[in-house]
Amino acid sequence: MTDITDLEVREGVDRETVETVQNMGSYKYGWNTEIEMDYAPKGVNEDIVRLISKKNDEPEWMTEWRLEAYRRWVTMTEPKWAMLNYPEIDYQDQYYYARPASMTEKPKSLDEVDPKLLATYEKLGIPLREQMILAGVEGAEDAPAEGRRVAVDAVFDSVSLGTTFKDELAKAGVIFCSISEAIREHPELVKRYLGSVVPQSDNYFATLNSAVFSDGSFVYIPPGVKCPMELSTYFRINAENTGQFERTLIIADKGSHVSYLEGCTAPKRDTNQLHAAVVELVILEDAEIKYSTVQNWFPGDEDGKGGIYNFVTKRADCRGDRAKVMWTQVETGSAITWKYPSCILRGNESQGEFYSIAIANNHQQADTGTKMIHLGKNTRSRIVSKGISAGHAQNTYRGLVTMHPRATNSRNYTQCDSLLIGDKCGAHTVPYIEVKNTSSRVEHEATTSKVDDDQLFYCRSRGMDEEEAVALVVNGFCREVLQALPMEFAMEAQALVAISLEGSVG
Amino acid sequence: MSESAVQELQTPQVSGTARPAGALDARLAQLDLPQGGFSARARADALSRLRAAGLPGPRDEYWRYTDPRPFTAASPQALPVDGGPESPLFAARDKLTLVFVDGLFDAAASDDLSLEGVEITTLAQADQAGSHWAADLYGALELAGQSPVSRPFATLNTAAARDGLLIRVTGKPAKPVHVLHRRGSEGADAVWHHVIRVESGAELTLLESGVVGARSNGVIEADLAQGAKLHHITAKRANDPKVGLSHLFARVGAEAVLKSFALVVNGTTMRHEAIVDMVGDDAVAHVAAAVLGDGNVGPFHHDDTVFITHGALRGESRQVFKKVLKNGAVGVFQGKILVKNGAQKTDGYQISQALLLDEASQFLAKPELEIYADDVKCSHGSTTGAIDEDALFYLRSRGVPHERAIVFLVLSFLADALEEVEDETLRDEINERLDAWLTDRPRG
């Protein structure tokens, strides 16, 4: 990255914007870590499922749970309703388990972790050392020390490398560890909540995940606790031909509060790689979870070669009254995105919010949106979705808002805007709206437009070049969502927005 | 698990289109399939397409919100023959009235077919010959409208329709053509198929009213040449517990204008589909409906499914759908604007709104946009809610009685849809009828 100190930054233009426009390189995280890996044999069958379970030292009930999912999966067919076009996936031509050889013996602390792995995360800008640091922003080492602290769980291919700030979190009663550790250490919690939001039988990809998930994060926030720091998981796919199947379970007990960040990258490869994650959020009375994602898996090259196939099931269950969940996502990566973070608003007066920026450039295809299922009285939901298409990309918003007959006096507001850059791309909106009681109000608005010529002209007349002008207009278009992100992520996201659109103008 | 067991479990999941065997055969057996004359080839083609596609099942995505079974059943439920008064809606105007009894043309009850600027024949009569100008259109627009979503009931119609009108408009006729439906028997399955060709610069207003068969399936194929205008207004008998399907397939040429408006009041189980293909530059298409549904009058389920394709420059499309629902009435709206690559400067707008007057009613909507051109202005809105309490309070504070205030608010809610009726006198008449229905004055 070029040094930006000697760069003249005009008034009113974000440094990040200029910086990223300047650094019009390609995908930043496309390098590969040369490291010795242990693989399970290619393909998936009952033996592989048992093997994954054994590698994680899982108890018998967990193995059975996985096998049950696997047996169901073989009877299912891949869903085809999304506006996505990709060649048939050969599920037997993937590795379902890969772990750095050095992780065979679980390291007791980060000091024992292979320095190559630590260097990987350092290069990604992910702080694994417990230090005061502003996460996610490159060059942040020089940032002022008052930056917020973030506890990180780093997942490398199939295994969790380690979790930071564990002791300090434990003092507050917060459990933050890898899901494999949680299965061993906190079986009562896992048994009670795993699969309770996204059941094993939920959908093709979630069922596959239930059978073969290798690792992921587990969070439990006890009643009345406001988590003392932000929690973060950083996913890295490194090995070739390896599917990543992580599983995240977060439980916010009564009156608790947590903000969780998730980031992901992968090396540049010519072949497509499969990623099928499941995230379950359980929110009890008066609790709140804020879940933010910056998804930056390798999107494939300009010709659409390679890239991650991202099939993700994310769902939040607001079980208690006044529970609140907020999903914020910035989706810039992946060749294929199939993702619908959802909210089940079961408790009375519970709230769900969904803020999304989905950017598809080159040959990327994104089919993403949310479901707001209003079951309790006086429930509220809000959807703000911004889709940007450029190059030859296809971007679809697909969402469902349903007001159950008993969900009286509930409200939903949906806004989905699409921006088209160039005449070879597509932007689509497929909302489903089901209203089954009269005291609720549902409003849906959608617009599709291009970058406004007048706005561009204005920016150009102020001396900006076209790339800068577009970046500025696009940042403005995304503003409502960027504002909903935690500060560190907002900065990273803003930079990503510009990067993802590189080469789409002119 | 054995291979065969896997297969068995997969079947219902794939498309959810598992249908009772022979449903289509049973349905076809009840219809007297004409062999056709000029339309023979189109009918044979439709029949083979229908056999290949089958009828929709309850789990078809395209039938997510409307149960297709009333339409797939072998025969309809009988309804009493309605000899009630004709709707007074179009009564006052000078028009050419053509009467259809259970979907068949009744020459004795109809006006003479001659009208300056229009050439009208009936499908049954034209089919006695092997050639006709409508041969290029009959079933052709229906076929074009089968992609990307199949509409098997329209295909069934092409194969089975025994009568209809073939209208070629070459000028600007002095009065509208009025299709008046009558129910001649209790268990009639009325199937009719109109073909309308509006030549360059010509104009036609088509009115539809009356009492259709216990179960109806109507198709209109409309081809609008450059600068042509077609204004279509339909208002069938209110409070009639009919089961019906209708399809409007329109091809709109350069600078042509299509306007279609439907007024629906109570009693019906109905799906109306409008499939509009805008093929010429600067074409205009407006599709609208005002729907009142009171479940107490009889089961009410009304589905508007609209698919507008912009395939040329500077097209303007409007979809305006307003539904007022109470006592368990169900309103459905599935609308789509598809802008093809290259259809720049398209202006597409879609609004679907429901006013739910009680807890028992439902509104289900799927308003879609699919856009492949960048220099376009497309938007859609969908809202569902109850009567605005503030507005009600305001009216009450101005001395308007509660019941009357509700009527005012319902009428103002419907106003946007009524705006799509160009003829102001007619618009006012419709407004008056709505007022009468809402205040429960004598029905008609």
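The values are calculated or read from the model by the stated rules, or taken from the named source; none is laboratory data. Please read all numbers here as calculations on a predicted model, not as lab measurements. Heads up, the Cβs are rebuilt from the backbone with ideal geometry, glycines too, and the neighbour counts pull from every protein chain shown.
Points worth noting:
- Elements of type helices (runs of 4 or more DSSP H) in segment A:409-506, at least 1 residues being under 23 Å from A:M83 (Cα atoms): A:487-500
- Evaluation of B:A365 against (1) surrounded by fewer than 16 Cβ atoms within 10 Å (Cβ to Cβ); (2) at the interface with another protein chain (Cβ under 8 Å from one of its Cβ atoms) (one fails), failing number: (1)
- A single member of A:R411, A:R462 is surrounded by fewer than 17 Cβ atoms within 10 Å (Cβ to Cβ) and among the basic types (K, R), and it is A:R462.
- None of B:L263, B:L230, B:L245 is closer than 16 Å to B:I308 by Cβ and either in a loop (DSSP other than H, G, I, E, B) or not β-branched (V, I, T) (or both) except B:L230.
- Only one of the numbered conditions (1) more than 14 Å from chain B (Cβ to nearest Cβ); (2) in a strand (DSSP E or B); (3) in contact (Cβ under 8 Å) with a residue 40 or more places away in the chain is violated by A:N310, and that is (3).
- Close pairs (6 angstrom Cβ cut-off, 6 or more residues apart or separate chains): touching a residue at least 12 places away in the same chain (Cβ under 8 Å) in segment B:329-349, surrounded by 22 or more Cβ atoms within 10 Å (Cβ to Cβ) and among the hydroxyl-bearing types (S, T, Y) anywhere: B:A329/B:S361; B:V332/B:T66; B:F333/B:S352; B:Q334/B:T305; B:L338/B:T309; B:V339/B:T346; B:G348/B:S317
- Residue in segment B:44-59 that is touching a helix residue (DSSP H, G or I) at 6+ places or on another chain (Cβ under 9 Å), among the acidic types (D, E) and closer than 30 Å to B:I430 by Cα present: no
- Verdict on B:G381 being in a loop (DSSP other than H, G, I, E, B) and within 28 Å of B:E61 (Cβ to Cβ): no
- Close pairs from segment A:76-91: first more than 12 Å from chain B (Cβ to nearest Cβ), partner in a loop (DSSP other than H, G, I, E, B), Cβ under 7 Å, at least 6 apart: A:Y91/A:V44
- On inspection, B:V332 passes the criterion of being within 11 Å of chain A (Cβ to nearest Cβ), in a strand (DSSP E or B), within 17 Å of the chain's Cα centre (by Cα) and β-branched (V, I, T).
- Test: B:Q350 is polar (S, T, N, Q), within 14 Å of chain A (Cβ to nearest Cβ) and under 13 Å from the mean Cα position of the chain (by Cα): no
- Hey, A:G391 of a type outside the set (S, T, Y) and in contact with a Gly (Cβ under 7 Å, 6 or more places away or on another chain) or not: yes
- Restricting B:D32, B:D82 to those that are modelled with pLDDT of 85 or more, assigned to a loop (DSSP other than H, G, I, E, B) and more than 14 Å from chain A (Cβ to nearest Cβ) reduces the list to B:D32.
- When A:S334 is tested against (1) farther than 25 Å from A:L249 by Cα; (2) among the polar types (S, T, N, Q); (3) outside any strand (DSSP E or B), exactly one condition is not met: (1).
- Criterion: aliphatic (A, V, I, L, M) and away from every other protein chain (no Cβ under 14 Å) - qualifying residue of B:A373, B:A386, B:A405: B:A405
- All positions within segment A:346-380 that are part of a loop (DSSP other than H, G, I, E, B) and under 30 Å from A:G304 (Cβ atoms): A:N361, A:N362, A:H363, A:Q364, A:G369, A:T370
- Of the residues making up segment A:440-481, those that are at pLDDT 90 or above and at the interface with chain B (Cβ under 9 Å from one of its Cβ atoms) are A:S440, A:R441, A:V442, A:E443, A:H444.
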